[in-house]
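Below is one structure, written out as structure tokens, with a few remarks after it.
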Amino acid sequence: MVANRLVELGLKSGDILYLRCGLGRIGIPRTQIEEIFLGGIREVLGSEGTLITPAFVPISFRWSKNLAISSESTKPVTGLFASLLLEQSGAVRSNHPTHSFAGLGKNAKSILAGHSEHGACFEPMRAVVDADGLMMLVGCVADSPGFSTVHLAQYDLGLSQRHYAKWLLAVRKGSENGEVFHPIESPGCSNGFGKFYRDYIDDGNFSCGYVGNAWSIAVRAAKAYEREYRILSTNPLYPLCDQADCFSCRITRGYNKRAVPGALISKATRLVTKAFR
Ligand SMILES: [Zn+2]
């Protein structure tokens, strides 16, 4: 039973659940995902609960001839679950041009209402933190690691505003004739966010188990954000990934300029090696 597994991971009736998932890992036939998986979530959350998931859209480089168009109906790039959620009666979607979120349930509308182009890409996570909601990863613990409160903490500390990838990206709002949106920040690479797993465990804020065949973990948002913010305030480089030439972590971060020469050499070496292979 999906509902029982979710309860074992800490989900309660009336909770705010922030969920990211790899549906393919759960092992439920595609045609039954809505009934068995989403149905199990709704069963536990009940009428007082709320479900939130990212529903981000494609982003272009600023110099692209045909910029990606961002509208309410743009298909999310964050997986099938966001699309499935948006198909549900009563589902809502925030109108941030690049990092929209989808929600369903009692507080979804109020959580997503103020998520605009003028605020943080991950601003809805603040409501999840304030309500001490549950953040859960189902089937993407290792390949899409970590929790989105890290991005919020990076914004609150002014770090993602100093991630200069923001100058490279843009989308067009609404239609091909719409206004061009330039992000005020760039959350960037999250491949190193799994480094916080040990800190959640250290805080006793970590549960794990299987949902179907999918290895899954969950943490409470308030304690997670508090720990992430504290670590990042003294060590902003803590959650960067281990890839020596990661463009996002080692070339475009204004607070990690010392890594740029090494990353460029590493990238050049890799390209030359590839060319002569
Ligand atoms: Zn990286």
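Here is a yes/no grid of residues against (1) more than 16 Å from the chain's Cα centre (by Cα); (2) in a helix (DSSP H, G or I); (3) within 21 Å of L169 (Cβ to Cβ):
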| position | (1), (2), (3) |
| --- | --- |
| G10 | yes, no, no |
| R20 | no, no, no |
| I33 | yes, yes, no |
| N66 | yes, no, yes |
| A82 | no, yes, yes |
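A count restricted to the range 217-230 and to residues that are more than 13 Å from D202 (Cα to Cα) and among the hydrophobic types (A, V, I, L, M, F, W, C) stands at 4.
Take the conditions within 16 Å of the ligand (Cβ to nearest atom), of a type outside the set (S, T, N, Q) and surrounded by 18 or more Cβ atoms within 10 Å (Cβ to Cβ) and apply them to R253. Does it pass? Judged against the criteria, R253 is a match. Being of a type in the set (D, E, K, R), farther than 30 Å from V2 by Cα and either assigned by TED's automatic domain parsing to the domain that holds E72 or not in a loop (DSSP other than H, G, I, E, B) (or both): is that true of R227 here? The answer is no for R227.
Scanning the range 35-60 for residues that are touching a Cys at 6+ places or on another chain (Cβ under 9 Å) and either in a strand (DSSP E or B) or open to solvent by less than 20 Å² (accessible area, probe 1.4 Å) (or both) turns up F37, T53.
Among the conditions (1) polar (S, T, N, Q); (2) touching a helix residue (DSSP H, G or I) at 6+ places or on another chain (Cβ under 8 Å); (3) closer than 21 Å to S207 by Cβ, the only one that S110 does not satisfy is (3).
Can you pull out the residues in the range 256-277 that are in a loop (DSSP other than H, G, I, E, B) and open to solvent by 60 Å² or more (accessible area, probe 1.4 Å)?
The answer is F276, R277.
Restricting A165, A170 to those that are within 15 Å of the ligand (Cβ to nearest atom), hydrophobic (A, V, I, L, M, F, W, C) and touching a strand residue (DSSP E or B) at 6+ places or on another chain (Cβ under 9 Å) reduces the list to A165. In this entry, F193 passes the filter for residues that are within 16 Å of the ligand (Cβ to nearest atom) and within 26 Å of F37 (Cβ to Cβ). In the set (1) out of contact with any Gly (no Cβ under 9 Å at 6 or more places or on another chain); (2) more than 16 Å from the ligand (Cβ to nearest atom), V150 fails one condition alone, (2). Scan the range 18-34 for residues that are among the hydroxyl-bearing types (S, T, Y) and open to solvent by 30 Å² or more (accessible area, probe 1.4 Å) and the total you get is 1.
The values are calculated or read from the model by the stated rules, or taken from the named source; none is laboratory data. No experiment lies behind these values; they were computed from the predicted model shown. Don't worry about glycine lacking a Cβ; one is built from the backbone with ideal geometry, like all the others, and counts go over all protein chains shown. These accessible areas exclude ligands, DNA and RNA; they are computed on the full protein's heavy atoms, side chains included. Shrake-Rupley method; radii C 1.70, N 1.55, O 1.52, S 1.80 Å.
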